[in-house]
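A short reminder: the numbers here are calculations on the coordinates, not readings from a lab. Just so we're clear, the structure is a prediction, and the values are computed from it rather than from any experiment. When we count neighbours, we look across all protein chains shown, and the Cβ atoms used for this are built from the backbone with ideal geometry, even at glycine.
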Amino acid sequence: IGHPLYRSSKFYTLYPPPGVVIGLAYNEYGGAILYIESARSSFGNEGKGGLRVTGSLGDVMKESSSIAQTYAKKFLATYINNNMPAQKYLESHDIHIHFPEGAIPKDGPSAGITITTSLLSLALGVPVPQDFAMTGEISLNGKVLAIGGVKEKTMSATREGIKKLIFPKANQKDVSELPDYIKDGIEFHFVDEYPEVFKILFPKVDTKVQDTEPNLELINQQITQ
Amino acid sequence: IGHPLYRSSKFYTLYPPPGVVIGLAYNEYGGAILYIESARSSFGNEGKGGLRVTGSLGDVMKESSSIAQTYAKKFLATYINNNMPAQKYLESHDIHIHFPEGAIPKDGPSAGITITTSLLSLALGVPVPQDFAMTGEISLNGKVLAIGGVKEKTMSATREGIKKLIFPKANQKDVSELPDYIKDGIEFHFVDEYPEVFKILFPKVDTKVQDTEPNLELINQQITQ
Amino acid sequence: IGHPLYRSSKFYTLYPPPGVVIGLAYNEYGGAILYIESARSSFGNEGKGGLRVTGSLGDVMKESSSIAQTYAKKFLATYINNNMPAQKYLESHDIHIHFPEGAIPKDGPSAGITITTSLLSLALGVPVPQDFAMTGEISLNGKVLAIGGVKEKTMSATREGIKKLIFPKANQKDVSELPDYIKDGIEFHFVDEYPEVFKILFPKVDTKVQDTEPNLELINQQITQ
């Protein structure tokens, strides 16, 4: 992320279109909130599940978008009811993900859960609550991995008036070590797997997300099969 | 934008073909008006909604063209009546966007609303009034974001005899701080979302652009679906 | 354009194949004439309107070829009668444009009208008169923009025995300021839009090129539609 970072970056109101999510970024100059937008790039024609990303992204962030797309397709196939049009949305449309502001270089893997959320919001047609910001690397199976810049990111959210943050559980210790004046008034949510993020942001969407505890019996069966 | 900038660049008369729009650019040497042209690049054959851009563009400006194309497709799908051929124009034709003059390097995101306007003018077959110039970054959902060089851009418009300027609302403060001798006689339009630009430039085109307030009832419906 | 420039470069006789056109170039060593050749690159198979360019071209000249191709397609669709095979030639064939001599690096936008002429000559199957040379940047809508090196280019034409030159109208002042010994005996044609070039070079080809004034009634119709 380039500089300058210290100006207000909130340009969406409380009710933006589906696909708009607030992420958190940082560099040596400090932290900043970071919008992510997703949109269909083919209208009328059927798309083929393609992906276009823009916003002066480095290679790691481009790959992060690709990982998020693969996981989001899997999430929809696994957790969304078969008869909802959202289930196949990312298969039957080409998607464009953009990270305003276009001239500021951006890189890193920590927008993983934010990009995933953007894609799922678009597919479901449900906006993301704009009082939340989030950060976390995502694995291809939805594990949420630790990120850097916990202090800078938390301060940038406060500066923008955002009081609800989603962080990886692996960063819980970093947050607990923050001085009180930084974390006071912030509602922290720590997550280990992506379905937990989904439940926080879309509590009313009916999914098959249940217990995330693994079924050890089934795993053992598969291994010995 | 390279130099020299201080010569007249107006080469279109009052009635250019659809797709020709005047933008505003600046660099360390000053400001300049900047034409943008869009044209079909496939005739006879059906295209596939592809995009070719020329004019010695840097990466950010190439991405900006891609963002404008995605948003323009969305705009047509959302706001134009289903039975107008314009609605699917950008899906069913390959488009070439060119920024004369070809040897001058150009970069930056601030031509976003200008490129979008060029594509919509081409799709609708309606020329853009040539007494307007405009500048503004566009997001994938049509938000108009702040740009730089307000002073240089305003001066270049004056020099070319252009009296009607469209700027981002986020730059309204910058304009208010310009000395009177620069802004006297200029009619400034400040916009926050792209549909406002469209209403200013194409007041006679019948669209479904109305209030941009969200339909909360519909959103709740979707959430509980 | 590299050096050396001061040797005769005319290698075509008075009746070359369609697609061969003489352009004008210059660099710090002086001016030179510059041949452009176009040919089908798909025989037997139907092409898809593709483009290949060779001749040690810089990026601006490659883009210039692409702009010329888009405009030439538009020209054929607009001005050539529907029942002539030329009308869809550039859609149904892949084209190869080459700038001999292949080892000399070439760049810049000023071959725009020359490349366009080469493509139209090929599509129509009508050779270009070889007593003409031309230079001018072309826009995507056929506007002819100013170029540099008026003096060097004029001298190189004289040196090669070429007496008829086509220049952009925007360079008329530069030509008027040339000393008489340089411009004596030269027939200058100044053009503002490409159809004027076409009328000069192909006076016998039946086209719909007429007045370039816009049809205001039609524009109003489209707007209120």
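A few notes on this one:
- Dipole of the protein assembly as shown, positive end: most advanced residue of B:Pro168, C:Phe99, A:Met155 [Cβ charges, Cα centre]: C:Phe99
- A dipole drawn for region B:21-224 from +1 and -1 charges on Cβ atoms has a positive end, and of B:Leu24, B:Phe75, B:Pro109 the residue lying farthest that way is B:Phe75.
- Nearest-20 debye value, region C:21-224 charge dipole, Cβ charges on Lys, Arg, Asp, Glu: 380 debye
- Residues whose amide H comes within less than 5 Å of that of B:Lys164, counting only those at least five positions distant or on another chain, are B:Ala133, B:Glu187 (H built at 1.01 Å from N in the peptide plane).
- Shielding score for A:31-43, defined as the mean number of other chain Cβ atoms within 10 Å: 4
- Across the identical copies, how the B:Asn82 labels are spaced - nm, sorted shortest first, 7 Å along Cα→Cβ: 2.9, 2.9
- Summing charges over all other residues whose Cβ lies under 13 Å from the Cβ of C:Ala111, with Lys and Arg as +1 and Asp and Glu as -1, gives -1.
- Sorted shortest first, the distances from the C:Glu28 label point to those of the same residue in the other copies are 2.1, 3.7 nm; each point sits 7 Å from Cα along Cα-to-Cβ.
- Highest mean packing comes first when the peptides B:157-166, C:188-197 are listed by Cβ atoms within 10 Å, giving C:188-197, B:157-166.
- 7 Å along Cα→Cβ, label-point gaps from B:Asp59 to other copies, nm, shortest first: 1.1, 1.2
- Using θ = phi - 60° and Karplus 6.51 cos²θ - 1.76 cosθ + 1.60, couplings along region A:60-76 (whole Hz; Gly, Pro as x): 5, 6, 5, 5, 4, 5, 5, 5, 4, 5, 4, 5, 5, 4, 5, 4, 4
- Within region A:85-126, the proportion of C-alpha pairs whose separation exceeds 12 Å stands at 67%.
- Relative contact order computed over chain A (Cα-Cα under 8 Å; 6+ residues apart), in percent: 24 percent
- Mean Cβ count within 10 Å, highest first, over the residues of peptides A:94-107, B:81-94: A:94-107, B:81-94
- Size of charge dipole - region C:81-183 - debye, nearest 20, with Cβ of Lys, Arg +1 and Asp, Glu -1, no other charges: 280 debye
- Pair-distance profile P(r), taking every C-alpha pair of region C:60-167, with 5 angstrom steps and integer %: 2, 12, 20, 22, 22, 13, 6, 3, 0
- Over 31 Å (Cα to Cα) - which of B:Lys48/B:Lys153; B:Lys106/C:Lys73; A:Lys151/A:Lys208; A:Lys10/B:Lys10; B:Lys88/C:Lys143 fall in this group: B:Lys48/B:Lys153; A:Lys151/A:Lys208; A:Lys10/B:Lys10
- Computed from backbone phi, the HN-Hα couplings of region B:80-89 come to 9, 4, 4, 8, 8, x, 4, 4, 9, 4 Hz, rounded to whole numbers (Karplus: 6.51 cos²θ - 1.76 cosθ + 1.60, θ = phi - 60°; Gly and Pro given as x).
- Counting Cβ atoms of other protein chains within 10 Å of each residue's Cβ and taking the mean over peptide A:99-109 gives 5.
- Taken one residue at a time, the phi angles of region B:91-108 give Karplus couplings (6.51, -1.76, 1.60, θ = phi - 60°) of 7, 9, 10, 7, 10, 10, 10, 10, 10, x, 8, x, 8, 8, x, 9, 7, x Hz. Gly and Pro are set to x.
- Estimated distance in nm for a label pair at C:Lys199 and C:Ser41, the labels positioned 7 Å out from Cα along Cα-to-Cβ: 3.5 nm
- The base-10 log of I(q)/I(0) for chain A, evaluated at q = 0.11, 0.12, 0.14 Å⁻¹, reads -0.53, -0.63, -0.85 [Debye formula, identical scatterers on Cα atoms, solvent excluded].
- Close amide-amide hydrogen proximity is noted between B:Asp107 and B:Gly58, each under 5 Å apart and 5 or more residues distant or on a separate chain (H modeled in the peptide plane; Pro and chain starts excluded).
- Mean per-residue shielding of peptide B:89-96 is 2, counting Cβ atoms of other chains within 10 Å of each Cβ.
- Spacing of the modelled spin labels on A:Asp184 and C:Lys164, each 7 Å from Cα toward Cβ, amounts to 8.7 nm.
- Scanning chain B for the Cβ atom closest to the axis that brings B onto C yields residue and whole-Å distance B:Lys48, 11.
- Cα-centred dipole magnitude for the protein assembly as shown, charges only on beta-carbon of K, R (+1) and D, E (-1), debye, nearest 20: 980 debye
- Amide H within-cut-off set for B:Ser42, under 5 Å, with H built and near neighbours excluded: B:Asp94
- Only DSSP H runs of four or more residues enter the estimate; each adds -39500 (n - 2.57), and after division by the residues of the protein assembly as shown the mean residue ellipticity at 222 nm equals -9500 deg cm²/dmol.
- Histogram of C-alpha separations across region B:140-205, 5 Å bin width, %: 3, 16, 28, 23, 18, 9, 3, 0
- Positive-pole candidate from B:Pro195, B:Leu51, B:Met61, dipole of region B:21-224, charges at beta carbon: B:Leu51
- The calculated Kirkwood hydrodynamic radius for the protein assembly as shown is 27.5 Å, given to one decimal from all distinct C-alpha pairs.
- Taking every Cα-Cα distance in region A:95-219 and sorting them into 10 Å bins from zero, the calculated P(r) comes out as 11, 41, 35, 11, 2, 0 percent.
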